[in-house]
Amino acid sequence: MVMVITVLLTLSMIVHGASIKVIGPLVHVAYIDEITSSKTIALQPGQKFTVQFGLPPSNDYSNYMLVVKFEKPSPVLQVICRGECTYVKNGNGVITAVYSENGNITIVNAGTSTYVGRIVITYMYRKLEEITAAQSVVKVRVKVPDDTINEVTSQIVKVWVDNNAPYMITDVLLPGGASLEKLMQSGEVPSYIKLEPKRLVIYANKAPKGTYVVVLTYDKSSVFPTTFLVKALEYLNTTVPSDTVKTISSSSFGVPHGWTLLGYIVAVAAIQPVIVNQKVGTVMVVGKLVIPASAESGIINVKSISYLIPSLVKFKYVVGAYIVYGSSFKIMNNMTVPVMVYYIPLVYRPVGKVMTIGNRTIIYAPVTQADVMSGIWTSLVVQLPSYAQIEEIVTPGGLTYSKVSNSLVPWGTSLRPVSISPDRHEAYIVVALNGMREVGLYKIYVKVEPLRIYVTDQYNEPVRYVNVVFVLGPGESLKLSPVNGEVTLRLAELITRPITAYVEYRGVKMVTLILNTIPEEPIHVVLRLYNLTIVVTKFRGAPLGGALVILKMIGTGLTFEGKTDANGVVRFVGVPAGIYQVTVKVGSNVVASGQVQVNSTRTVKLGTNVVLVLKLGGLIIPVTVVQLASVIAAVAVATVIIVVFRFRRERKETYNVYSEESEENIEEEK
């Protein structure tokens, strides 16, 4: 499915010339369909077992991730992947799961005895849509579940914007019209939806069916760093009396200098005895953005096996853990007993500088002693835009981590949590925990996906005479010519300012692209080109050959020229759609002009007042009807004048002859 840039896109982003298009910031919407099965494998020493992708559930979906989890991890198992793989390892370094983007995983028994174990296989297929955010408030409609596939087994819908985009998710309107923001403020948080300032996940199998409207709001302050440190400050606790509301904010603990409050990890616990007909209360965590990690409540019945103790006493329990984003939150307790609240303030500080060394992109992230001297733990977090991937993380001590996710790796006498997401867009590595710390310069090697632009006509055929000019900075530009319609620009750094690209056709700018990001799919620029035939005729309809016809596109200056043949015909090939000024010249004289609109292959007839063309030496002179009439009139007047003159002259000569004869007669008479 191909959509217009300002709406949706999946396979490519279409831009029609001539125009100016702004690409990005992008709102990404991913439908991830999961098909899970399990299988018991028995492998002899040296024997292999291969798992690979099947067919996607529909044409709109593509292979995304193949996951194999081992219920019985063993050090004798080796995993071979076609292409890149990401591994999950336990504290002993044994693989517990493997993720493959290429969809081919081979398990090998490298031991000396038979391995028997059960594996869980998950096939993940994805449909991606990207929406350009162009307004101060952007509303994205998401249908859950996606009904373009026949059968949804297990589906997750993800919506996100990159950290450097000046947008944040401020609300989600549920199918019934309820506002998620208002539900959070009242303490009612659905378990089927998870929300962060820039990310949203909906679990389709648990969520009510229907259309969800994700609301994103423009806010410059919502731009978040790519690389930063996150610190858990300390364990704090408080008690909230019954029927009381208590607010917790940074005034209770203070934020270290140079750090910014990110939010809190909050846990609540209460148990209330309930006698028959007694009020049963609840506990609510209320904040700007509250995500329940786990929230449970229930009734415990107390009774004996006989009627010795009547079943009159029950206990209402409430236990929950939450992530709260924002500067403060409230605990609303309407139970009859106090509620214990445990919370950990979280702060962050941007670190890191992106540099290009040769053809490699590296983020240098320094961690100092001051960064790790306090707090429960400190981690280095990397969240890259969608067009970049993490290749590896190198610690100050020289250890390299790649292809590991949600893993515990040896760290002195302890274990160190390290994770690079299977799609390699995110990562974290703990730099301080339980007395262990490692300071110095961390290096994150990044692969930046190339920017791809396809330039074709409306029939998807490559176009000749095209160049793409990239303006990379003040006084810095790069001109590339498409190969088979494709231009590829390989960037060695992350986009920190817009890149302008001009698509030129025959040396004239036809399309201007302003790129705030790199879409995952190619940008498809379509030039609508047509063939235009112009027939030029004389006054009586006879063909006018040898005339120069000039086409000039209004607004761009794109010009075509050609001479008519003996039949008065000139053909122009590859004329972009638009309005053109047409000028017809014979020699240096303009004999016809006008405007013509090109929106299809067509023939246009242009009549002139030319009657004949005179060639005098090197001059070509068209003679029009008016000119010919003027000549004829002039000739007629000249003819009359000549006739009159000759008549008068003849009369005068006759008179003179008569006079001479008379004089002779007089003389004779004398």
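The values are calculated or read from the model by the stated rules, or taken from the named source; none is laboratory data. Bear in mind the structure is a predicted one, so any value in this text is a computation, not a measurement. A quick note on method: Cβ atoms are made from the backbone with ideal geometry, for glycine too, and the neighbour counts reach across all protein chains shown. Keep in mind that these areas ignore ligands, DNA and RNA; they rest on the heavy atoms of the full protein, side chains included. Shrake-Rupley method; radii C 1.70, N 1.55, O 1.52, S 1.80 Å.
What to note about this one:
- Residue among 396, 385, 366, 410 that alone is closer than 30 Å to residue 250 by Cα and either part of a strand (DSSP E or B) or open to solvent by less than 70 Å² (accessible area, probe 1.4 Å) (or both): 366
- Residue in the stretch 97-116 that is out of contact with any strand residue (DSSP E or B) (no Cβ under 6 Å at 6 or more places or on another chain), outside any loop (DSSP other than H, G, I, E, B) and farther than 14 Å from residue 422 by Cβ present: no
- Here residue 583 passes the criteria (1) within 25 Å of residue 536 (Cβ to Cβ); (2) at pLDDT below 60 except the one numbered (2).
- Residue in the stretch 441-460 that is touching a Gly at 6+ places or on another chain (Cβ under 7 Å) and surrounded by fewer than 17 Cβ atoms within 10 Å (Cβ to Cβ) present: no
- Single residue of 139, 127, 158 found to be crowded, with 19+ Cβ neighbours inside 10 Å, among the basic types (Lys, Arg), in contact with a strand residue (DSSP E or B) (Cβ under 7 Å, 6 or more places away or on another chain) and touching a residue at least 12 places away in the same chain (Cβ under 8 Å): 127
- Matching residues in the stretch 163-180 - criterion: being open to solvent by less than 50 Å² (accessible area, probe 1.4 Å), among the small types (Gly, Ala, Ser) and in contact (Cβ under 8 Å) with a residue 24 or more places away in the chain: 165
- If you go through the stretch 517-531 and keep only what is open to solvent by 50 Å² or more (accessible area, probe 1.4 Å) and within 19 Å of residue 161 (Cα to Cα), you end up with 520, 521.
- Test set (1) open to solvent by 30 Å² or more (accessible area, probe 1.4 Å); (2) at pLDDT below 90 - residue 292 fails condition number: (1)
- Filtered residues of the stretch 181-209 (kept if assigned to a loop (DSSP other than H, G, I, E, B) and open to solvent by less than 50 Å² (accessible area, probe 1.4 Å)): 186, 187, 189, 190, 192, 197, 198, 204, 207
- Residue 113 falls short on exactly one of the conditions (1) under 28 Å from the mean Cα position of the chain (by Cα); (2) open to solvent by 20 Å² or more (accessible area, probe 1.4 Å); (3) small (Gly, Ala, Ser), and that condition is (1).
- Unique residue being assigned to a strand (DSSP E or B) and touching a Pro at 6+ places or on another chain (Cβ under 6 Å) when the list is 488, 512, 533: 488
- Residues satisfying the stated conditions in the stretch 371-380, i.e. open to solvent by 20 Å² or more (accessible area, probe 1.4 Å) and under 22 Å from residue 393 (Cα atoms): 377
- Set side by side, the residues 491, 548 differ, and just one is crowded, with 18+ Cβ neighbours inside 10 Å and modelled with pLDDT of 95 or more, which is 548.
- Of the candidates 506, 464, the single residue that is open to solvent by 30 Å² or more (accessible area, probe 1.4 Å), more than 27 Å from residue 99 (Cα to Cα), touching a Leu at 6+ places or on another chain (Cβ under 7 Å) and at pLDDT 90 or above is 506.
- Of the residues making up the stretch 61-84, those that are under 22 Å from residue 31 (Cα atoms), open to solvent by less than 30 Å² (accessible area, probe 1.4 Å) and in a strand (DSSP E or B) number 4.
- Flag if residue 104 is out of contact with any helix residue (DSSP H, G or I) (no Cβ under 9 Å at 6 or more places or on another chain), of a type outside the set (Val, Ile, Thr) and open to solvent by less than 50 Å² (accessible area, probe 1.4 Å): yes
Per-residue answers, yes or no, for (1) farther than 30 Å from residue 334 by Cβ; (2) of a type outside the set (Gly, Ala, Ser); (3) at pLDDT 95 or above:
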residue	(1), (2), (3)
84	yes, yes, no
89	yes, yes, no
135	yes, yes, no
158	yes, yes, yes
170	no, yes, no
182	no, yes, no
186	no, no, no
191	no, no, no
